[in-house]
1. Quick one: is residue 32 near ligand 1 (Cβ under 8 Å from one of its atoms), at pLDDT 95 or above and farther than 22 Å from residue 216 by Cβ?
2. Between a residue in the stretch 25-50 that is free of Cβ contacts under 8 Å to residues at least 12 places away in the same chain and any residue that is of a type in the set (Phe, Trp, Tyr) and assigned to a strand (DSSP E or B), which pairs come within a Cβ distance under 7 Å, given they are 6 or more apart or on different chains?
3. Given the residues 142, 114, which is the only one that is under 28 Å from residue 187 (Cα atoms) and in contact with a Phe, Trp or Tyr (Cβ under 9 Å, 6 or more places away or on another chain)?
4. What is the residue count in the stretch 94-106 for residues that are modelled with pLDDT of 90 or more and of a type in the set (S, T, N, Q)?
5. Determine whether the stretch 87-102 contains at least one residue that is among the hydrophobic types (A, V, I, L, M, F, W, C) and farther than 24 Å from residue 127 by Cβ.
6. Identify the residue in the stretch 46-66 that is assigned to a loop (DSSP other than H, G, I, E, B) and near ligand 1 (Cβ under 9 Å from one of its atoms) and, among all such residues, is surrounded by the most Cβ atoms within 10 Å (Cβ to Cβ).
7. For residue 94, work out the one condition from (1) of a type outside the set (A, V, I, L, M); (2) over 23 Å from residue 224 (Cα atoms); (3) in contact (Cβ under 8 Å) with a residue 60 or more places away in the chain; (4) within 16 Å of ligand 1 (Cβ to nearest atom) it doesn't fulfil.
8. Got at least one residue in the stretch 153-173 being buried (at least 18 other Cβ atoms within 10 Å of the Cβ), within 16 Å of ligand 2 (Cβ to nearest atom) and not in a loop (DSSP other than H, G, I, E, B)?
Amino acid sequence: MVSRAVDTLMNAVIQLEGVSKVYQAGEMAVQALDDVSFRIDPGEFVALMGASGSGKSTLMNILGCLDQPSAGRYLLQGVDVSELDTEELADIRNQQIGFVFQHFHLFSRTTALENVELPLLYRHRERLSGRQQRKLAREALEMVGLTDRAHHHPNQLSGGQQQRVAIARALVNGPELVLADEPTGNLDSRTSEEIMAVFQSLNQRGITIVLVTHELDVARYARRTVTLRDGRITSDEPRYTTTPSRPVRQTLAATESDAELVR
Ligand SMILES: Nc1ncnc2c1ncn2[C@@H]1O[C@H](COP(=O)(O)OP(=O)(O)OP(=O)(O)O)[C@@H](O)[C@H]1O
Ligand SMILES: [Mg+2]
């Protein structure tokens, strides 16, 4: 209990202390993470890079409380997550962390708005009325510049718009931390820039972002780059060149006109 209080005072969103992860696949043990330590403070925007198989997704799964380390400690907002029970972990995943994936993971039979509302249905501490849910979902869609597509189904949206719906869904519970594993991996370079402009605007609102990417063009939107190799951190550098090639507003407007073509 004492250590929890002290850790909270330190105010890191994420603190990893000597985290290792070993996967046991039959006879073979794979060391996916090997003694990884770092901290991420509130409001940071971190790109996680490294070759295929270097451990990026493994690390993201641990950061997102989807998996536990084999050794070491993970403190999320100062709380050692290994001390939490299944329900507390589910609450944290739902309330404190927003997830964005490469393949969007939207439900095809429901509208953009309904997709965004979904995480609100899993709040078991504080139930919301249907009206409150729609209000929050609309606000989240507004943050990604997509209110005019609220009633479209995913197949009526461009890839970039689908990813924006997925980002809105990640935001709907007001998380302080957004984890994105290759969110631009399925998008062309121009759409990737638009999505990165969205992440940048969220970061400017104070949301902490950790994002996996293979592309330097994508990583340059972050303010810090952590590189993994064979499960170990090989570099951890600040980036000062964060200015996107086009202003956020202009990029969002460009996407809206593209969308007309898709429809
Ligand atoms: N469930 C699992 N069981 C066994 N080994 C695994 C499992 N998941 C990942 N691995 C192994 O752990 C290592 C790290 O995998 P991980 O998926 O974290 O890499 P990555 O950096 O995300 O790669 P990519 O860029 O291809 O997505 C790899 O060697 C992989 O084969
Ligand atoms: Mg991966």
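The values are calculated or read from the model by the stated rules, or taken from the named source; none is laboratory data. Please read all numbers here as calculations on a predicted model, not as lab measurements. Positions of Cβ are generated from backbone atoms using ideal geometry, with glycine treated the same way; all protein chains shown enter the neighbour counts.
1. yes
2. If the second residue must be of a type in the set (Phe, Trp, Tyr) and assigned to a strand (DSSP E or B), the pairs left are 30/23.
3. Residue meeting the stated conditions: 114.
4. The qualifying residues number 2.
5. For the stretch 87-102, residues among the hydrophobic types (A, V, I, L, M, F, W, C) and farther than 24 Å from residue 127 by Cβ: present.
6. Across the stretch 46-66, the extreme among qualifying residues is 55.
7. All conditions are met except number (4).
8. Taking every residue of the stretch 153-173 in turn, none turns out to be buried (at least 18 other Cβ atoms within 10 Å of the Cβ), within 16 Å of ligand 2 (Cβ to nearest atom) and not in a loop (DSSP other than H, G, I, E, B).
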